[in-house]
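The block underneath contains the structure these notes are about, expressed in structure tokens.
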Amino acid sequence: MNDVVTALGLAQPQVSKHLGVLRKVGLVDVRGAGQQRLYRLNAERLRSIYDWVRNFEPFWDHQIDRIKERAERMAKEKAEGLDQTEKGD
């Protein structure tokens, strides 16, 4: 669990609570190894969710591309505005 705590930047009790919920609904399996608990993703339980979400992927890809283009355009416009301000000084 320490790896998960570090990766997520959350407190250990928060991670334990979330992993407990995931275990209850069958999305992760856990086994004891001494004082440690080793968690493993039960990917098969996610299959139906993945199949459903996959139907929307083309729409999301299009939207993400549009968001990226807009963010890049805004960053460029902001940078150009700063350049103009510096030239005026």
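The values are calculated or read from the model by the stated rules, or taken from the named source; none is laboratory data. Because the structure is predicted, anything quoted here is derived from the model rather than measured. Here the Cβ positions follow ideal geometry from the backbone for every residue, glycine too, while neighbour counts run over all protein chains shown.
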Which members of segment 5-36 meet the condition of being under 18 Å from Arg47 (Cα atoms) and part of a helix (DSSP H, G or I)? Leu22, Arg23, Lys24
Being of a type in the set (Phe, Trp, Tyr), out of contact with any Asp or Glu (no Cβ under 8 Å at 6 or more places or on another chain) and part of a loop (DSSP other than H, G, I, E, B), is that true of even one residue in segment 48-60? yes
Candidates Asp29, Asp51, Asp61, Asp65 - the one that is exposed (fewer than 10 other Cβ atoms within 10 Å of the Cβ) and either free of Cβ contacts under 8 Å to residues at least 40 places away in the same chain or of a type in the set (Phe, Trp, Tyr) (or both): Asp51
Residues that are out of contact with any strand residue (DSSP E or B) (no Cβ under 9 Å at 6 or more places or on another chain), of a type in the set (Phe, Trp, Tyr) and either modelled with pLDDT of 90 or more or closer than 29 Å to Gly20 by Cα (or both), drawn from segment 32-65: Tyr50, Trp52
